[in-house]
Amino acid sequence: MPERPTIAASLLAVLVSLLCALPFLWALSLSLRPPLQTFAVDGWGLPWFDFAPGPDVWLRELADARTQGAILRSTWVSGAATALALVLGLPAAWALARTRRHGLAGAAILGCLALRLFPPIAVMVPFWLFFLAFGLLDTGAALVVVNATFLLPLAIIIMRQAFVELPAELEEAAAIDGAGPVAAFLRIVLPLVAPSIAGTALVLFAYAWNDYLFASALFLMEADTVTLRIQQLGSPGPDGAARMLLAIALPLAIALIAQRWLIRGLTLGAVKG
């Protein structure tokens, strides 16, 4: 039986967790304070102990049309970029996992790694000129394309390993039953790697959601086209704290939901002997 953690180890884990959560707890405290205690709070800044918390800042932010638009824009841009990267990356990763030309597959993976290590600022001007020529500046489509471009290599790298670990005999059995490569990929392979797809989608969504460079350059800081990462800037005090917490709320919620789904997917997708 595995040894139970000691009391000292448990206390240390709790202390480390509190230290990691301290910036978020302080932001929550700041967003609930009355205006007079924004920068000169009494005591330790604990709600209900040092001040009476109020939801005024949250209600104001959630009712702000600009914040609502930024949340919706960040959600659909990140979701669309993730979906596009997966639609293009899943077949590519499967082909690289099943190809017999290992040298070509290795070169492709190295190319994906090189693209991931490439500094995004180096391609900002070409992207800007490209979208300017096609009239796509200050549009969500530009952000979807540019984010999907940088998410695609990551999707290929992660999912290729998932396909490699999947026995190829399953696809051969499907071929014997008359299924073509496309049917075997859609009906046999993808359901079995669904947990890996969910985990990859979560990683890609987080990358797209946290994008600042492309959003600030391609949207030109227009008030009606910015994402939440841009909207939260330049707002010190309670408003900025509330926007910061809103910026991390959706990825955190998706992570909690995906964690449960991943466990269920791993159980249902297991190959029984």
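Counting neighbouring beta carbons within 10 Å and listing from fewest to most, the residues Phe205, Phe49, Phe130 come out as Phe49, Phe130, Phe205. For the stretch 1-154, the fraction of C-alpha pairs more than 25 angstrom apart is 62%. Only the Cβ atoms of Lys and Arg (+1) and of Asp and Glu (-1) were treated as charged; on that basis the dipole of the chain about its Cα centre amounts to roughly 580 debye.
So if we plug the beta-carbon distance of Ile257 and Ala95 into 1/(1 + (r/R0)^6) with R0 = 30 Å, what FRET efficiency do we get, rounded to 0.05? Show your work: numbers first, answer last.
On the way: r = 31 Å, r/R0 = 1.02.
So, using R0 = 30 Å, E works out to roughly 0.45.
Seen through its C-alpha gyration tensor, with square-root eigenvalues sorted a ≥ b ≥ c, the stretch 129-171 comes out prolate because a/c lies at 1.5 or above while a/b is bigger than b/c.
Ordering Thr75, Thr99 from the fewest to the most neighbouring beta carbons within 10 Å gives Thr99, Thr75. With springs connecting C-alpha atoms under 10 Å apart, model the chain as a Gaussian network and identify which of Ala93, Ala179, Ala215 has the largest mean-square fluctuation. Maximum fluctuation in the GNM of the chain, among the listed residues, is at Ala179. Between the beta carbons of Arg66 and Leu25, assuming R0 = 25 Å, the FRET efficiency works out to 0.40 to the nearest 0.05.
Estimated translational diffusion coefficient (Stokes-Einstein, Kirkwood radius over Cα pairs, 10 °C, 1.306 mPa s) of the chain: 72 µm² per second.
Using Cβ contacts closer than 10 Å as the measure, can you line up Glu61, Glu172 from fewest to most?
Details: Glu61 24, Glu172 11.
Ordered by Cβ neighbours within 10 Å, fewest first: Glu172, Glu61.
In order along the stretch 67-75, phi translates into HN-Hα couplings of 5, 4, x, 5, 5, 5, 5, 5, 5 Hz, rounded to whole numbers, per the Karplus curve 6.51 cos²θ - 1.76 cosθ + 1.60 with θ = phi - 60° and x for Gly and Pro. Extending 7 Å from the Cα toward the beta-carbon at both Thr139 and Leu36 defines two label points whose distance is 5.3 nm.
Here, each number is a calculation from the coordinates, and none is a lab measurement. What you see is a predicted model; the values in this text were computed from it and never measured. Note: ideal-geometry Cβ built from the backbone for every residue, glycine included; neighbour counts use all protein chains shown.
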